[in-house]
Amino acid sequence: MFDELLASVPEDERRASMHVVSRDGSVVSAGDAVIRLMAVFPATRPAAWWARLWPPQRRKIAAQYRKTADARSALSDKVPDAEPTVVPPGWVKR
């Protein structure tokens, strides 16, 4: 399913950052993926709206994402390994 959902993302970029796939199949990555997720939740929806309208806020979120992503290996050392949880979205036809 991973390969199907991220078919539009070059293979060498698929594990480089977080991706959010929309129902229409469009993909956003890294800081833009964070903003897309923020738009889903009522508590963070206003901040997502603001980030989409104001480029400095969008850049700030992208920089914070990159800082966290760059520390991924150090952070993962603190968490036990577990099988990934994949819940196929209802709109994906198999």
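Its alpha carbons considered, the chain gives a radius of gyration followed by a Dmax of 14.7, 40 Å.
Mean separation of Cα pairs under 8 Å and 6 or more residues apart, divided by the residue count, gives the chain a relative contact order of 20 percent. Only helical runs count toward this figure. For the chain, summing -39,500 (n - 2.57) over DSSP H runs of n ≥ 4 and dividing by all residues gives -12500 deg cm²/dmol at 222 nm.
Taking the Cβ of Ala39 as the center, what net charge do the other residues with Cβ under 14 Å away carry, scoring Lys and Arg +1 and Asp and Glu -1? In short, +4.
Read the figures in this text as sums done on the coordinates, not as results from a lab. Please read these numbers as outputs of a predicted model, since none were measured by experiment. Glycine gets a Cβ as well: all are built from the backbone with ideal geometry, and neighbour counts include every protein chain shown.
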